[in-house]
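Participant: One structure is given below, represented as structure tokens, and several questions about it will come after.
We did not get these values from a lab; they are worked out from the coordinates using the rules stated. Owing to the predicted nature of the structure, the values given are computational and were not obtained by experimental measurement. We place every Cβ from the backbone using ideal geometry, glycine too, and count neighbours over all the protein chains shown.
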Amino acid sequence: MNVPIVENAAESVAGNAAGNAAGSTAGHAARNGAAARNPAAGARTVLELAGVHKSFGETEIIRGVDLALIEGERHAIIGPNGAGKSTLFHLISGQLQPTRGTITLDGRQIQGLEPRVINRMGLARSFQITNIFPGHSVFENLRFGILRRYGLQYNFWRRVAQVRRITEETEQLLEELRLLKSRDVLAGELSYSEQRSLEIGMALASDPRVVLLDEPMAGMSREETDYTVGLIRQLTARRTLMIVEHDMDVVFSLSDRVSVLVYGQIIATGTPDEIRANRQVQEAYLGTEVSV
Ligand SMILES: Nc1ncnc2c1ncn2[C@@H]1O[C@H](COP(=O)(O)OP(=O)(O)O)[C@@H](O)[C@H]1O
Ligand SMILES: [Mg+2]
């Protein structure tokens, strides 16, 4: 998907290419365990939350979150329902503004910026349903996502020259998503898990360095879950992933590190082994709600 291109997008594409190149190295380090276990050892922080709070009216939902994502890692956020996981994602992607605290992406503070600006800076999240056009084909949906990355404002002649490249990129994304056979199917007629794949694809169409997925396997059968985990693993091989997931098998097999959010605070961050062995986590969460 890293196609070097054109006027309006030149800056962001160059940025993404650089980010991905760096990310792949860090990613391997993280998955080898070294960077994940010892973030201080040369690994770069790509996304950092410091002292983040969020209140709705009188109620404080996020109560001082500090979190640093290492470039290339897959980082799961787990925690009971209502802990504030989705709220945290809304804060990072710009749908909500923190009441206090800072969120830094590649060294630039992003809290309070518009979601589309944060997206152009290299962070994408998938939204269930809302970013899909059910009356358009899978191909058209993805092409729209890619067009949005290039910006729609450039002039007609340049656009004509770019149509082929954008089509090629769309085909490539279709293949990565394993949706080639459904290329011309209306998005609204896809199977449940294919729709989830398309949603992930719409997030990836902006070629982000950091991807946020909020319960992408929700409502899936075991088989669909296994399939989608494989897809996510493949699609995020050269990116940084932050994922909210309830299925502990998935969390522990997919993640380099896990953070546990309980009642708006992170009570532990560590490797899957560290989290599994953490007494506080077992008491607060794993022991009660989930069997491991
Ligand atoms: N826009 C909102 N206004 C008021 N309360 C909200 C809003 N969004 C979420 N909440 C509350 O914040 C808490 C955390 O919600 P959420 O982030 O969705 O939790 P999780 O994703 O961990 O299940 C819940 O009690 C929820 O009712
Ligand atoms: Mg949620």
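Participant: How many residues are of a type in the set (Gly, Ala, Ser) and either surrounded by fewer than 24 Cβ atoms within 10 Å (Cβ to Cβ) or in a strand (DSSP E or B) (or both) when one looks only at the stretch 66-82?
Facilitator: So the answer is 3.
Participant: Given the criteria within 13 Å of ligand 1 (Cβ to nearest atom), assigned to a helix (DSSP H, G or I) and over 20 Å from MET202 (Cβ atoms), does LEU91 qualify?
Facilitator: So LEU91 passes the test.
Participant: Can THR225 be described as under 14 Å from the mean Cα position of the chain (by Cα) and crowded, with 19+ Cβ neighbours inside 10 Å?
Facilitator: no
Participant: For the stretch 237-253, which positions are closer than 23 Å to LEU173 by Cα and in contact with a strand residue (DSSP E or B) (Cβ under 6 Å, 6 or more places away or on another chain)?
Facilitator: Of everything in the stretch 237-253, those that are closer than 23 Å to LEU173 by Cα and in contact with a strand residue (DSSP E or B) (Cβ under 6 Å, 6 or more places away or on another chain) turn out to be ARG239, THR240, LEU241, MET242, ILE243.
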